[in-house]
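To start, the structure itself, in structure tokens.
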């Protein structure tokens, strides 16, 4: 007898060995139809997997995250089969599931065209209708290498040759197409009905720029048509909100080839930057931070002692002068430790909180650069807290509450909290990591927050809490972080005089709320589709005269607003007022103040709010009071 324990704790018994598919059928016909794979004693397996002894079994469907990933990985194989049927000379390489879909890299003699994608998608639909069984097979490494070389698939043979001898090589066959894969996969191609090919991009073989450039076809796949339709609708909306397009249209910034990964900020974009920076500067001041500024260029020896040289050398910009080697800082922490070390510190000085709008440079691969979201030169709202072990919990708890307040002011209220624990490549003793990880988890428990554990995803020097925001399109962005570091201060000679007059090494908390200001602004552009809340808007209002006769009055109104620190634009062009309003509206300015002869005589302005709403004719002083109130109640803009 084989006893199977289901997720709800119930048990089913079978007279002998039984497949996962048979277990699903025994539970019910509906589940058998929806089943994609199984989980046996925690391990993901195919439906054909045979359970030979007592085990805990769960049936995986498209409603499960695991099931959706299996479905997407299987669809990558479906696409590869379609490509091979249409273009037999193409060689398949690697094709994983990714967030929202999948991709597969191909080596082919010519670029794939949009027409090719349509043909591939049509062939995929044909293969789905064939409902081909997807069957797992196993081979020895040498046999698998020979098999793929016989098919002319040199890339697959190279991948298999790199697998240690003796490991089981699993292949999946569907019709005449066979692919290398660990699995599991759906039971047949008929389960892969909901998919769409999206685009073609370039990708180097094995991610190495020295290797051949392959063609990467991206696709999306879902369990239901409704889910895919919602996703495609979200992409359509995201395209409208693309920060690169809006950056040009709203005259905020631009990029050009002479400075890859660097931003040219225009006056309006820099005004937005300054609003954010000054807001964060007040946050620093209100929460006990001392603002500092450390050098951009530091000697290589400092980066070696901190551990960054061994970890990040390939991403650091370096230079030489007078037989000394320097690196542009990729992060701010070693510089802040030098500031801490500049004076003899006492336990009475702790916690010492210092912050910097620190400009950093990282030599990111050119192919990964993406507008404001992935750059080579960026500025962080970076802070470091030097404290004792006893102060970690209180500081982390206070920081989480601060993060929540700041995000709410910018309009983000959905936050996911994740604790990233020790990675395989790390420095420091496990006992120290135990203390650091426990402190972070306890701080979230103290605030009453549920969190996810990200095993092995901490920094090389310490664990961290990641704060993930959800935007108006449901996309997740990892921005803020706080990291507990017992390592770097000691490596760089930081110490303080303890209460018993001994010298001790402080704990260092690395923290950033917005992260990269460039990326944060890109997020804000897309969150608001360029229609920023009044307090953030680069231009808060525009004053437009109806005829030339009101030009002087328009200038007078604009001067009053400017004196009150309102960011104002004046439109004195000899154009029809409706044309001016239409053009100013396209700039997504929160308020347009129209002044004609009547307004000039009465000292008033006709106010039009963004979206075409007419607020009527009011005194200039009343408008100033209104816009000031908006500045002072940012949280009202939270979505």
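Since every read-out is calculated from the coordinates, none of them should be taken as a lab result. Keep in mind the model is a prediction, meaning the values are calculated, not measured. Virtual Cβ from ideal backbone geometry, glycine too; neighbours counted across all protein chains shown.
A few comments on the model shown:
- Contour excess over end-to-end distance, with Cα ends at residue 547 and residue 282 and 0.36 nm allotted per residue: 91.2 nm
- Where Rh is the Kirkwood radius over Cα pairs, Rg/Rh for the range 472-575: 1.33
- Once the Cα gyration tensor of the range 253-528 is diagonalised, semi-axes √(5λ) in Å: 28, 24, 18
- Under 13 Å from the residue 297 label point (7 Å along Cα→beta-carbon), backbone N, the range 326-345: 326-329
- Eigen-decomposition of the gyration tensor built on the alpha-carbon atoms of the range 259-328 gives equivalent ellipsoid semi-axes of 31, 19, 11 angstrom, largest listed first.
- Cβ-Cβ FRET estimate between residue 597 and residue 370, R0 fixed at 60 Å, reported to 0.05: 0.75
- Packing-based order for 393-399, 217-223, using average beta carbon neighbours within 10 Å, highest first: 217-223, 393-399
- Working note: 222 nm ellipticity from helices only, DSSP H runs with n ≥ 4, each -39,500 (n - 2.57), summed and divided by the residues of the chain, gives -11000 deg cm²/dmol to the nearest 500.
- Residue list for the range 487-525, given a label point 7 angstrom along the Cα-to-Cβ vector of residue 393 and an amide N cut-off under 19 Å: 507-509
- Cα centroid separation - the range 423-455 against the range 209-244, whole Å: 34 Å
- Each listed q (0.09, 0.12 Å⁻¹) maps to a log10 I(q)/I(0) for the chain from the Debye sum over equal C-alpha point scatterers, namely -0.98, -1.33.
- At q = 0.15, 0.26 Å⁻¹ the log10 of I(q)/I(0) for the range 2-61 amounts to -0.34, -1.11, computed by Debye summation with a single uniform scatterer per C-alpha, solvent ignored.
- With all pairs of separate Cα atoms included, the range 60-141 yields a Kirkwood hydrodynamic radius of 14.0 Å.
- Per-residue packing, averaged as other Cβ atoms within 10 Å, sorts the ranges 345-355, 495-505 into the order 345-355, 495-505, beginning with the highest.
- Linear extension gain, residue 495 paired with residue 122, 0.36 nm per residue minus alpha-carbon span: 127.6 nm
- Compactness of the range 317-417 as Cα Rg over 2.2 N^0.38 Å, two decimals: 1.39
- Approximating the spin labels as points 7 Å out from Cα along Cα→Cβ, the residue 435-to-residue 248 distance works out to 5.5 nm.
- Seen against the Cα atoms of the chain and their longest principal axis, helix 114-130 is set at about 40 degrees.
- R0 of 51 Å, Cβ-Cβ distance residue 405-residue 17: FRET efficiency to nearest 0.05: 0.30
- For peptides 292-302, 377-387, 538-548, 412-422, sequence by mean Cβ density within 10 Å, most packed first: 377-387, 538-548, 412-422, 292-302
- Prolate/oblate/rounded label for the range 369-455 (Cα gyration tensor, a/c 1.5): oblate
- Euclidean distance between Cα centres, the range 251-308 to the range 109-184, Å: 47 Å
- According to the Kirkwood relation over distinct C-alpha pairs, the hydrodynamic radius of the range 66-238 is 16.5 Å.
- Once the gyration tensor of the Cα atoms in the range 444-494 is diagonalised, the equivalent ellipsoid follows with semi-axes of 27, 14, 10 Å, ordered largest first.
- Tilt relative to the chain, helix 551-563 - C-alpha long axis, 0 to 90 degrees, to 10: 70 degrees
- Pair residue 63, residue 455: separation of 7 Å Cα→Cβ label points (nm): 2.6 nm
- Contour minus Cα-Cα distance for residue 572 and residue 129 (0.36 nm per residue): 153.0 nm
- Each listed q (0.20, 0.29 Å⁻¹) maps to a log10 I(q)/I(0) for the range 504-548, found by the Debye formula over equal Cα scatterers with no solvent: -0.78, -1.07.
- With respect to the chain, whose longest principal axis is taken over its alpha-carbon atoms, helix 430-447 is tilted by about 60°.
- DSSP bridge analysis restricted to the range 541-637 gives an antiparallel fraction near 55%, rounded to the nearest 5.
- In this label model, residue 3 and residue 442 are separated by 4.1 nm, measuring between points 7 Å along each Cα→Cβ vector.
- Projecting the alpha carbon convex hull of the range 530-629 along each direction and taking the average yields 5.5 nm².
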